[in-house]
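Down below is the structure, laid out as structure tokens.
Rule-based calculations on the coordinates, nothing more; no lab input. Quick caveat, the model's predicted, so the values are computed rather than measured. Positions of Cβ are generated from backbone atoms using ideal geometry, with glycine treated the same way; all protein chains shown enter the neighbour counts.
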Amino acid sequence: MPDFKLIYTDIINEKFPEKINNPGIKNKLNALHTASNILKFNALIFGQPEYSVGCKSQRLRSYDEPSIREILNYQRKNKLTNTETANHFKTSRNTIARWKSVYKL
């Protein structure tokens, strides 16, 4: 697995040097262990992508098992459909259905 802490530290130092001293960012930088944490941190640093950019880059995302389980637990806890969950996490409803069949949650 890549060292995301080092990667994001370099990006912050180069593009956003004023954010490196923020204690919230430092704490979250140390907790980059799952795909969902990385995606949330990326949104914190760069902001939310525009709709057209978000759809095109969605194909390049990959999720690890803890992140998938977190998404499926969120769906079950909030009693959402596959479509509602997919819209919230910007994934395909078919992906959510496949995850549910593989992980049997």
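The label point for residue 46 and the one for residue 77, both projected 7 Å from the Cα toward the Cβ, are 2.7 nm apart. Between rounded, prolate and oblate, where does the range 62-103 land on the alpha carbon gyration tensor, with a ≥ b ≥ c its root eigenvalues, rounded for a/c under 1.5, else prolate if a/b exceeds b/c? Rounded, because the longest to shortest axis ratio a/c is under 1.5.
Return a whole-number percent for the relative contact order of the range 62-105, with Cα pairs under 8 Å and 6 or more residues apart as the contact set.
Numbers: 23 pairs, mean separation 16.4, N = 44.
After rounding, I find 37 percent.
Once the other residues with Cβ under 13 Å from the Cβ of residue 12 are scored (Lys, Arg +1; Asp, Glu -1), what is the net sum?
Details: positive: 5, 15, 19, 26, 28; negative: 10, 14, 18.
Computed value for this residue: +2.
Over the chain, calculate the relative contact order: mean separation of alpha carbon pairs under 8 Å at least 6 apart, over the residue count, as a percent. So the answer I get is 18 percent. The HN-Hα couplings worked out from phi for the range 75-87 by the Karplus form 6.51 cos²θ - 1.76 cosθ + 1.60 (θ = phi - 60°) are 4, 5, 5, 9, 6, 9, 7, 4, 5, 5, 5, 4, 5 Hz, whole numbers, x standing for Gly and Pro.
Enclosing the Cα atoms of the chain in their convex hull gives a volume equal to 116 cubic angstrom per residue.
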